[in-house]
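Report on one structure; see the data block that follows.
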Amino acid sequence: MTFAELGLSPKLLEAIEAAGYTEPTPIQAGAIPPALAGRDVLGIAQTGTGKTASFTLPLIERLSRGRAKARMPRSLIIAPTRELAAQVAENFETYSKGQKLSMALLIGGVAFGPQEEILNKGADVLIATPGRLLDHFERGKLLMTGVQFLVVDEADRMLDMGFIPDLERIFNMVPPRRQVLFFSATMPKEIKSLVDRFLNDPERVEVARPATTGANIKQFLVRLNSSVAKDKRAALRAAMNRDGVKNGIIFCNRKRDVDIVARSLQRHSFSAAPIHGDLDQSARTATLAGFKSGELRFLVASDVAARGLDIPDVSHVFNYDTPHHADDYVHRIGRTGRAGKTGESITIATPADDKSLSAVLKLIQQDIPELDLAGLPAKEDSAPPKRSRSAPKDKKQETRRAGTDAGEKSRKPSRRSSSKPQKPKDNDGPVVGFGDHVPDFMT
Ligand code: AMP
């Protein structure tokens, strides 16, 4: 199967060639033809499968006919986190080169002003997190009546983050005659119910979870008899000192540990930095850009912050904790071994992780070989830091936010009580969103 056989126009084929893709991935082969034909699509696929292009390409094709009107976007892409939205925007820019399509990225943590300017001029596509989109709508800066295409990316993650009521509102705001491209890695009942209510006879395209079948990821388990943080950090360092570790993402179950582990690694001279939902946007983007460029070797992350991040060259994933949700294990290790490369994952399991580990083994239906780290150097760790520079500013704030690890804060089911526009956090800061590439529309 070739991209040309999918029915894409010569301009798009050129952009695809320039991106270096030779043939469509299964989700692209399955989703692009019905999307081009105007049908609703339900894509069950996770990051790493090429799903972003499977909705971006047909969307660009459909948008290339027609023009944007002021304040009336023609299409809407909703993504759960700022990073994911920015990543979709990057993809959109890559594939729409040479076409005069305008795009606005509406994400929290960046100033409203420039975003409104683009909206006023008219945007062909809005890429947004649910909260920021509704904020703009409530400020009267947006009319949804022109939306012909609605894309929902990573719906199951939106469920985890409490965004389903927002998503329902968005579905109800766009005209009933619209095309919906809806993507989710899993189909819990809440998502199924959304699909049943808001999609019209969708073409269902399901692709295998790459991580559960991917032979290109070598998985290992490090069993510890102790659950003491100091011992876990020592084991982590030993694992990171293994041969062949070029770079990696270290996952922690709790945000607090993300900061502590990052700080401890820095003290032990590892090039590491934390990324989680409580860090401000410019810190998150700078960290991510550093990691992508290779300047930073290790990213210490929470699940939500790392979900959906497309970083093709990760040699290792380390699970400082066995994840509480077995699904997260699959997502985490899927950060490595991408785009045909090989990768390794090393999971630390303590007696406290027994239940989580059983759930993981049941889900992936395979054993994870144990790794003996004996003999590997793991320098003595020092006490956890008193406070990291990037940690939440005060204790109260930390407590309030505990458990809400989200790119956007989780929203209450009804927004009526909070209809007052929220003040953006870092209004005056520079807009940095794409590593060293800042798209025209943001400058
Ligand atoms: P995604 O699942 O959308 O996050 O994409 C994962 C990675 O696969 C990204 O780095 C894409 O650039 C890459 N990719 C998407 N489509 C293809 C393709 N047809 N051939 C090779 N790589 C692709």
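Mind running the shape call on segment 217-381? Use the C-alpha gyration tensor, a ≥ b ≥ c as the square roots of the eigenvalues: rounded below 1.5 for a/c, prolate if a/b tops b/c, oblate otherwise. Since a/c stays below 1.5, the shape of segment 217-381 is classed as rounded. Only Lys, Arg, Asp and Glu carry charge here, each on its Cβ (+1 for the first two, -1 for the last two); on that basis segment 3-206 has a dipole of about 800 debye about its Cα centre. Among the listed pairs Lys192/Lys292; Lys192/Lys246; Lys51/Lys232; Lys100/Lys341; Lys97/Lys218; Lys255/Lys355, give every one whose C-alpha distance is greater than 30 Å. The pairs that break the limit, which is 30 Å between Cα atoms, are Lys192/Lys292; Lys192/Lys246; Lys51/Lys232; Lys100/Lys341; Lys97/Lys218. Among Tyr95, Tyr21, the order by Cβ neighbours within 10 angstrom, fewest to most, reads Tyr21, Tyr95. Close amide H contacts of Asn247 (hydrogens built in the peptide plane, cut-off under 5 Å, sequence separation of 5 or more or a different chain): Ser315, His316. Remark: the Lys192-Glu14 segment gains 60.4 nm on full extension, using 0.36 nm per residue and subtracting the alpha carbon distance.
Taking the charge dipole of segment 3-206 about its Cα centre, with +1 at Lys and Arg Cβ atoms and -1 at Asp and Glu Cβ atoms, the residue from Ile78, Val174, Val152 reaching farthest to the positive side is Val174.
With the highest mean first, a sort of the peptides 277-288, 358-369 on other beta-carbon atoms found within 10 angstrom per residue produces 277-288, 358-369.
Sorting Lys121, Lys232 by the number of Cβ atoms found within 10 Å of their own Cβ, with the fewest placed first, yields Lys121, Lys232. The trypsin sites (Lys or Arg not before Pro) of segment 1-88 that meet both conditions, a loop assignment by DSSP and at most 15 other Cβ atoms within 10 Å of the site Cβ, are Arg65, Arg67.
Neighbours of Asp40 by Cβ distance under 14 Å: Lys/Arg scored +1, Asp/Glu scored -1, total +3. For segment 34-188, what class follows from the C-alpha gyration tensor (a ≥ b ≥ c being the square roots of its eigenvalues): rounded when a/c is under 1.5, otherwise prolate if a/b is larger than b/c, else oblate? Rounded, since a/c falls under 1.5. Each Lys and Arg Cβ is given +1 and each Asp and Glu Cβ -1; about its Cα centre, segment 120-230 then shows a dipole of about 340 debye.
Every number here is computed from the coordinates shown, using simple stated rules; none is lab data. Small disclaimer: the values here were computed from a predicted structure and weren't measured. Note that we place each Cβ from the backbone using ideal geometry, even for glycine, and neighbour counts take in every protein chain shown.
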